1. Could you line up 97, 46 from fewest to most neighbouring Cβ atoms inside 10 Å?
2. Among 179, 42, 245, which one shows the biggest mean-square fluctuation in a GNM of the chain, springs joining Cα atoms closer than 10 Å?
3. Ranking request for peptides 354-360, 71-77: highest mean number of other beta-carbon atoms within 10 Å first, then the rest in descending order.
4. Report relative contact order for the stretch 78-196 in percent, whole number only (criteria: Cα-Cα under 8 Å, sequence separation at least 6).
5. GNM, the chain, Cα, under 10 Å: largest mean-square fluctuation among 227, 403, 198?
6. Helix-only estimate, please: 222 nm mean residue ellipticity of the chain, summing -39500 (n - 2.57) across DSSP H runs of length 4 or more and dividing by its residues, to the nearest 500.
7. For the stretch 127-184 and the stretch 293-357, compute the distance between their C-alpha centroids and round to whole Å.
8. Which angle between 0 and 90 degrees, to the nearest 10, do you get for helix 152-161 versus the longest principal axis of the chain when only C-alpha atoms count?
Ligand code: ARG
């Protein structure tokens, strides 16, 4: 009897050929699994195609809700942006698909799972590591990496000869992965990092030129770091993200163009569209500014970076993430409130925020009447804060000692190469008459 293998099946050319190749060349019984994370696939058609390509069974699952609630929300609460920019749409989707591969394999008694990643990207790492974490006994095969190796043309011939139900669209100029949290676009002309991405790379966002001339203002509500409403209208996670993608995308918000450090060691030029994620991260950050104490805010920024790296590198199902989640969850206890965001011509600008747990106290912050801040206390405060610096200066001298003021009373000019250590740009080229009295020091 043939061994069973569960294949993550998108319905595209690669995985349709893979169904047949796994059966024919590798002798497997193939069970197809298609997961909807919000890219609006035609699920009945994909299911039909999987079966016609030779799969013995075809699962099609709508996992949008768990995707948003169990994967996107924790990443949002953590503030996870890879290299400070990429909201990790693809990277968050992979572990969910891997989990479903594992669960379907258990249900079907399969000892293998398969996915359509190539040997060059991060996705293979994410699938393989997630499966290893959840079901170390399972074996993983990635046909495109592990032996199937066909060019697009060879795949088409292979499929035609066998009468596979190929849906051959005109070859996309890009490689795209899409889910509710964002759209990842790479390859083709985008590989020339000098060039502006052509407009046809974008599907969700308007170019600034045709974005509405007038701004829109949205009020987003959060409860313990989770978005719950837009403009006072409560929405389930999936609907909230979908709506924000529409509204912010119309204003051209959420385009990202970056050089990314792939886990496999390559630098690659990546384009993303992630209107909802970009707006939500900005709003969530603004709310945290209000409710997190300075110590937590400082430390959490480091956690955010670590969290993003971990997600990017496919380490979702690890105790490291659990541990970071525990910290993040604790920081979100007071992250409840409203944030107003203005959308206009590609930018999402926070313009107001409020929270019942706000630590921003006007009576302490104000420069006007009603100031309750103790100005005299500042004197003692500075005395102690400055104590080690004063002591060190007295005993060891001042650490930075290049004088700025010349003997003639003018400010020094630092020419190219004028500073040791190769600081080439002049720091200050001109003198500043009127500020420095030229007679000073004579
Ligand atoms: N570079 C991004 C990441 O590693 C996007 C990958 C997109 N995948 C794709 N098959 N086009 O998360």
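1. Values: 97 25, 46 22.
Least to most surrounded, the residues fall as 46, 97.
2. 42
3. Details: 354-360: 13.3, 71-77: 24.4.
For the peptides 354-360, 71-77, the packing ranking is 71-77, 354-360.
4. 26
5. In this elastic network of the chain, the residue with the biggest mean-square fluctuation among 227, 403, 198 is 403.
6. On the way: 12 runs with 160 residues, N = 442.
That comes out to -11500 deg cm²/dmol.
7. Taking the Cα centre of each part, the stretch 127-184 and the stretch 293-357 sit 33 Å apart.
8. 20
Any read-out appearing in this document is the output of simple, stated calculations on the displayed coordinates, not a laboratory observation. Keep in mind it's a predicted model, so treat the numbers as computed, not measured. Cβ: placed from backbone, ideal geometry, glycine included. Neighbour counts: every protein chain shown.
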